[in-house]
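All remarks here apply to the structure that follows.
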Amino acid sequence: QNVRNIIREYMQVWKFGGTSVGKPERMKSIRQLITEDGQPKIVVLSALSGSTNTLLSISESLNAGNTSEAKAKATELRAHYDQFLIELYSTPAGLGKGQAIVEKEFNFIDSLIATAPYTGKQEKEMVALGELLSTQIFEAFLQEEGVSSALLPALDFMVIDEDNEPVLSVIEQKLATVLAPVKGKQIYVTQGFICRNPAGEVDNLKRGGSDYTASLIGGAIQAEEVQIWTDIDGMHNNDPRIVKNTFPIRELSFAEAAELAYFGAKILHPSTITPAKLKGVPVRLKNTMEPSAFGTLISEKSTDVEIKAIAAKDNITAIYIHSTRMLNAYGFLKRVFEVFEKYKTPVDMITTSEVSVSVTIDQTTHLDAIMSELREFAELEDPDMNQVIICIVGNFWADKEGIAIKVLDAIKNIPIRMISYGASEHNISLLVDASHKNDALNALNEGLFLK
Ligand code: ADP
Ligand code: ASP
Ligand code: MG
């Protein structure tokens, strides 16, 4: 089956995040938004805001062996949903459908709570319930409102491989199979975040993964556009949670947006841009609370604004490696990177001198093993935990003068551990201790955007 033969020509994929579906009146306004233009869409929903956190916290209680605490949290969560339904549906039939959904899924939560031993498998099933609930509740609401709609179960088409990576071609095939029997509907609703692993178990695309779901679907169907609807008017030039006076950026290239997402701009899951870029599908960021705001358009196109935005990636570990001169310089680098490859641990920043290499990683699962293998041929200093990569994104063509000076001048009072400039034309990265993060972001904002 070819997915392009099944769906209509100009399908868009719209994703709504937790706050966008978190209240009954929000759900009502997105029903309006998605049907206004009469165009068919695939709508990806996150869990209601707070639900994924609560489900994880129920899991924590269970992992700590505290079943009664887990039950109490589940009861409180259920009460929240019961109230939500009453405010959402306007007919007894609609409400009845919603209540049946909540009854079924909370019975499942109870059965997970009762499972012994409670393992990682059950935990994944537990955190998947947020999206399973929000989508079924919303689709029943669309039915009540007479919208032509169907639910596409993400667990039937969103799959990851042994390396936890989604495989676009497989997703495309499976999606065609899921779409074929419900061809011709106006609105398709599906779960963000959740997927199946090669063992066939329920899994997920990591926190914030609904954005990634949307762009994977957009890539798979070669969508006209992917729209990410959230609680802010687009990608800002700096983290609005930490810096005052930030502003939305109207246009970003795929490369610029990918760097910002990867280096910590929370508005997008780090991998969101990859499938969109691969298939040339534009991504638009929009504000559910203010739909008429322009937002941000991410596409092939770049504008020649010099410095566009700043993002920060937390929980970085820096590893300092010195050659013992057992190996020559090129052999040394090769050995170093073989170790990171073996443990499937991505390296974010690298700096080198004649005899030393410093690298940063954000996955520390295998840190001890990596360190001990490196010690077989190198001397190591104690790693620095709790570092932050500050990433400055823009157009730094080689002939533009003074950008590095501007950046360094803006943060002259902040100690820098590492600097990376020149790897791409879009990125300058700095490593600072977490205690300097807020000062660094504010100083850069001041020096680069407000002067
Ligand atoms: P959703 O639940 O819709 O996925 P998120 O909370 O994941 O929403 O992402 C939106 C939030 O990202 C914003 O409310 C904002 O606080 C935060 N954020 C961090 N950095 C940026 C940035 N550079 N531009 C816009 N928002 C950002
Ligand atoms: N609900 C998931 C989370 O909270 C996925 C998402 O919202 O994108 O991480
Ligand atoms: Mg998000």
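The values are calculated or read from the model by the stated rules, or taken from the named source; none is laboratory data. Fair warning: this is a prediction, and the values are worked out from it, not measured in the lab. Cβ sites come from the backbone with ideal geometry, for glycine too, and all protein chains shown count toward neighbours. Areas reflect the complete protein model, heavy atoms only, side chains present, ligands, DNA and RNA absent. Shrake-Rupley method; radii C 1.70, N 1.55, O 1.52, S 1.80 Å.
Right, S134: among the polar types (S, T, N, Q), crowded, with 19+ Cβ neighbours inside 10 Å and farther than 17 Å from L55 by Cα or not?
The answer is no for S134.
From the list S253, S271, which one is within 16 Å of ligand 2 (Cβ to nearest atom) and out of contact with any Leu (no Cβ under 6 Å at 6 or more places or on another chain)? Spell out how you get there, then give the answer.
Values: S253 fails: within 16 Å of ligand 2 (Cβ to nearest atom).
Going through S253, S271 in turn, just one is within 16 Å of ligand 2 (Cβ to nearest atom) and out of contact with any Leu (no Cβ under 6 Å at 6 or more places or on another chain): S271.
In the stretch 96-113, how many residues are touching a residue at least 12 places away in the same chain (Cβ under 8 Å) and either open to solvent by less than 60 Å² (accessible area, probe 1.4 Å) or of a type in the set (G, A, S) (or both)?
Step one: filter the stretch 96-113 for residues touching a residue at least 12 places away in the same chain (Cβ under 8 Å), giving 97-99, 101-102, 105-106, 108-110, 112-113.
Going one step further and asking which of them are either open to solvent by less than 60 Å² (accessible area, probe 1.4 Å) or of a type in the set (G, A, S) (or both), we end up with 98, 101-102, 105-106, 109, 112-113.
So the count comes out to 8.
Which one is farthest from R31 (Cα to Cα) among residues in the stretch 290-300 that are surrounded by fewer than 20 Cβ atoms within 10 Å (Cβ to Cβ) and touching a residue at least 60 places away in the same chain (Cβ under 8 Å)?
Within the stretch 290-300, the match that is farthest from R31 (Cα to Cα) is F294.
For the stretch 217-242, what are the residues that are in contact with a helix residue (DSSP H, G or I) (Cβ under 6 Å, 6 or more places away or on another chain), over 22 Å from C195 (Cα atoms) and of a type in the set (V, I, T)?
Residue satisfying the conditions is I242 alone.
Checking the structure you have, find out if any residue of the stretch 192-209 is buried (at least 24 other Cβ atoms within 10 Å of the Cβ), more than 14 Å from the chain's Cα centre (by Cα) and of a type in the set (V, I, T).
no
Any idea which residue in the stretch 342-381 is nearest to D163 (Cα to Cα), counting only those that are among the charged types (D, E, K, R) and free of Cβ contacts under 8 Å to residues at least 12 places away in the same chain?
Taking the candidates together, the pick is D368.
Would you check which residues across the stretch 261-276 are under 15 Å from D231 (Cα atoms) and among the hydrophobic types (A, V, I, L, M, F, W, C) and list them?
Across the stretch 261-276, the qualifying residues are A265, I267, L268.
So G65 clears everything in (1) under 26 Å from T213 (Cβ atoms); (2) open to solvent by less than 70 Å² (accessible area, probe 1.4 Å); (3) of a type outside the set (D, E, K, R); (4) over 23 Å from the mean Cα position of the chain (by Cα) except one condition, right? Which one?
Condition (1) is where G65 drops out.
When both residues are 6+ apart or on different chains and their Cβ atoms are under 7 Å apart, which pairs have a first residue that lies in the stretch 170-188 and is free of Cβ contacts under 8 Å to residues at least 40 places away in the same chain, and a second that is of a type in the set (D, E) and open to solvent by 70 Å² or more (accessible area, probe 1.4 Å)?
K174/D156; V178/D156
Which is closer than 26 Å to A258 by Cβ, touching a strand residue (DSSP E or B) at 6+ places or on another chain (Cβ under 6 Å) and away from ligand 2 (no atom under 16 Å from the Cβ), of V182, V159, V178?
Values: V182 fails: closer than 26 Å to A258 by Cβ; V178 fails: closer than 26 Å to A258 by Cβ.
Being closer than 26 Å to A258 by Cβ, touching a strand residue (DSSP E or B) at 6+ places or on another chain (Cβ under 6 Å) and away from ligand 2 (no atom under 16 Å from the Cβ) holds for just one of V182, V159, V178, which is V159.
Only residues that are out of contact with any helix residue (DSSP H, G or I) (no Cβ under 6 Å at 6 or more places or on another chain) and surrounded by fewer than 18 Cβ atoms within 10 Å (Cβ to Cβ): list them for the stretch 158-173, please.
Residues satisfying the conditions are D161, E162, D163, N164, E165, V167, S169, V170, Q173.
Taking into account only those residues within the stretch 33-62 that are touching a strand residue (DSSP E or B) at 6+ places or on another chain (Cβ under 8 Å) and among the hydrophobic types (A, V, I, L, M, F, W, C), which is most open to solvent (accessible area, probe 1.4 Å)?
If we take residues in the stretch 33-62 being touching a strand residue (DSSP E or B) at 6+ places or on another chain (Cβ under 8 Å) and among the hydrophobic types (A, V, I, L, M, F, W, C), then L33 is most open to solvent (accessible area, probe 1.4 Å).
For the structure I just gave you, tell me whether A93 is without any contact (Cβ under 8 Å) to a residue 12 or more places away in the chain and open to solvent by 10 Å² or more (accessible area, probe 1.4 Å). Walk me through it before giving the result.
Values: without any contact (Cβ under 8 Å) to a residue 12 or more places away in the chain: no; open to solvent by 10 Å² or more (accessible area, probe 1.4 Å): yes.
Against the criterion (without any contact (Cβ under 8 Å) to a residue 12 or more places away in the chain and open to solvent by 10 Å² or more (accessible area, probe 1.4 Å)), A93 does not qualify.
Here is a yes/no grid of residues against (1) touching a Gly at 6+ places or on another chain (Cβ under 9 Å); (2) within 13 Å of ligand 2 (Cβ to nearest atom):
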residue	(1), (2)
L216	no, yes
I221	no, no
M235	yes, no
K244	no, no
A257	no, no
F263	no, no
A276	yes, no
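Residue check, T303 against (1) open to solvent by 50 Å² or more (accessible area, probe 1.4 Å); (2) out of contact with any helix residue (DSSP H, G or I) (no Cβ under 8 Å at 6 or more places or on another chain), all met but one. Which one?
Failing condition for T303: (1).
Output the number of residues of the stretch 19-32 satisfying the condition of being of a type outside the set (D, E, K, R) and open to solvent by 20 Å² or more (accessible area, probe 1.4 Å).
3
Looking at the stretch 259-280, which of its residues are open to solvent by 20 Å² or more (accessible area, probe 1.4 Å), farther than 15 Å from I428 by Cα and not basic (K, R)?
Result: I267, P270, S271, T274, L278, G280.
Say we look at the stretch 234-258 and pick out the residues that are open to solvent by 40 Å² or more (accessible area, probe 1.4 Å) and away from ligand 3 (no atom under 15 Å from the Cβ); which of these is nearest to T360 (Cα to Cα)?
I242
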